[in-house]
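Undergrad: Pasting a structure here, questions to come.
The values are calculated or read from the model by the stated rules, or taken from the named source; none is laboratory data. None of these values were measured; they are calculated from a predicted model. Methodologically, a virtual Cβ is constructed for each residue, glycine included, from the backbone with ideal geometry; neighbour enumeration extends over all protein chains shown.
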Amino acid sequence: MTNNTNYAIRICTDLEVVVSLLLGKVSEIRSGYQPRSSLREDVSGAYRLVFGKNITSDGKLEGPFTQIIPDRKPELYEVHPNDILFLARGTEHKTICVGPEIVPNLLVSSNFYIIRIKTPTVLPCFLAWYMNQKPAREYYQVNSAGATIAYISKPALAALSVPVIPIEKQQIITNMSRLRDRQREMEQQLTRLRDHLVVKQCLKALEQGR
């Protein structure tokens, strides 16, 4: 049963109480692609399928993707720019916002929900950011089902309470999140470069010692 009341969000920004709306009211939630029979990879297929493994630790889509020939209407499961992908199965429940440059004919597997914003009052990337934060994650934990593999049902996800703050503040949060992600990428690149230089110097010292 969905326990939405305990997780209703009331955020105060500049002494302003911000409205909360249910996710199902601000977006359309679609299930991912489920084949009629067993799923088979086909390298001649024009469509590519996204699985949980294609979501990186820093929240990006990364191939290679599984090529298939759909046996259902592919347009129902096709990913568009600004869609939000929510990993419904498992324990992590990652959420990502799809950028403008995506692989054509990309579908999502049944492990995902496609969330498509239907109101101009919510920015897709802000919503994806919020759905990765602690209040939302606590909600998933309380409302997950499944004896062996946890999953979030569509009704439970639709009942998630979402804070709706002014667009300009949503954009500020989105920009800050992007800057933080970029900083992490640069720090990781710097760490890899340092490791490479250390190994190079060690090998050089080894050669000189012979």
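Undergrad: Do we have any residue at all in region 113-132 that's surrounded by 16 or more Cβ atoms within 10 Å (Cβ to Cβ), within 26 Å of residue 40 (Cβ to Cβ) and in the same structural domain as residue 30 (by TED's automatic domain parsing)?
TA: Looking through region 113-132, at least one residue is surrounded by 16 or more Cβ atoms within 10 Å (Cβ to Cβ), within 26 Å of residue 40 (Cβ to Cβ) and in the same structural domain as residue 30 (by TED's automatic domain parsing).
Undergrad: While we're on this one: Does region 118-130 contain at least one residue that is charged (D, E, K, R) and either within 15 Å of residue 83 (Cα to Cα) or touching a Ser or Thr at 6+ places or on another chain (Cβ under 7 Å) (or both)?
TA: Yes: region 118-130 contains one or more residues that are charged (D, E, K, R) and either within 15 Å of residue 83 (Cα to Cα) or touching a Ser or Thr at 6+ places or on another chain (Cβ under 7 Å) (or both).
Undergrad: Collect the residues in region 43-59 that are loosely packed, with under 13 Cβ neighbours inside 10 Å and either over 14 Å from residue 96 (Cβ atoms) or in contact (Cβ under 8 Å) with a residue 12 or more places away in the chain (or both), keeping them in residue-number order.
TA: 43, 44, 46, 58, listed by residue number.
Undergrad: Further question on the same structure: Looking at (1) hydrophobic (A, V, I, L, M, F, W, C); (2) at pLDDT below 90; (3) buried (at least 16 other Cβ atoms within 10 Å of the Cβ), which is the one condition that is false for residue 26?
TA: Every listed condition holds for residue 26 apart from (2).
Undergrad: Any chance region 168-181 includes a residue that's of a type in the set (Asp, Glu), surrounded by 12 or more Cβ atoms within 10 Å (Cβ to Cβ) and not assigned by TED's automatic domain parsing to the domain that holds residue 58?
TA: yes
Undergrad: Right, something else. Within region 119-142, is even one residue assigned to a strand (DSSP E or B) and of a type outside the set (Phe, Trp, Tyr)?
TA: No, the conditions are met nowhere in region 119-142.
Undergrad: Right, something else. Do you know which residues across region 143-175 are without any contact (Cβ under 8 Å) to a residue 40 or more places away in the chain and assigned to a helix (DSSP H, G or I)?
TA: 168, 172, 175
Undergrad: Somewhere in region 92-103, is a residue part of a strand (DSSP E or B), under 20 Å from residue 27 (Cα atoms) and charged (D, E, K, R)?
TA: no
Undergrad: Could you check region 35-57 and list, in sequence order, the residues that are part of a loop (DSSP other than H, G, I, E, B) and within 15 Å of residue 67 (Cα to Cα)?
TA: Across region 35-57, the qualifying residues are 35, 38, 39, 40, 41, 42, 43, 44, 45, 46, 51.
Undergrad: Exactly one condition in (1) touching a strand residue (DSSP E or B) at 6+ places or on another chain (Cβ under 9 Å); (2) in a loop (DSSP other than H, G, I, E, B) is not met by residue 115; state its number.
TA: Among (1) touching a strand residue (DSSP E or B) at 6+ places or on another chain (Cβ under 9 Å); (2) in a loop (DSSP other than H, G, I, E, B), the lone unmet condition for residue 115 is (2).
Undergrad: Name every residue in region 66-81 that is crowded, with 16+ Cβ neighbours inside 10 Å, within 16 Å of the chain's Cα centre (by Cα) and assigned to a loop (DSSP other than H, G, I, E, B), in order of residue number.
TA: Those that are crowded, with 16+ Cβ neighbours inside 10 Å, within 16 Å of the chain's Cα centre (by Cα) and assigned to a loop (DSSP other than H, G, I, E, B): 77, 79.
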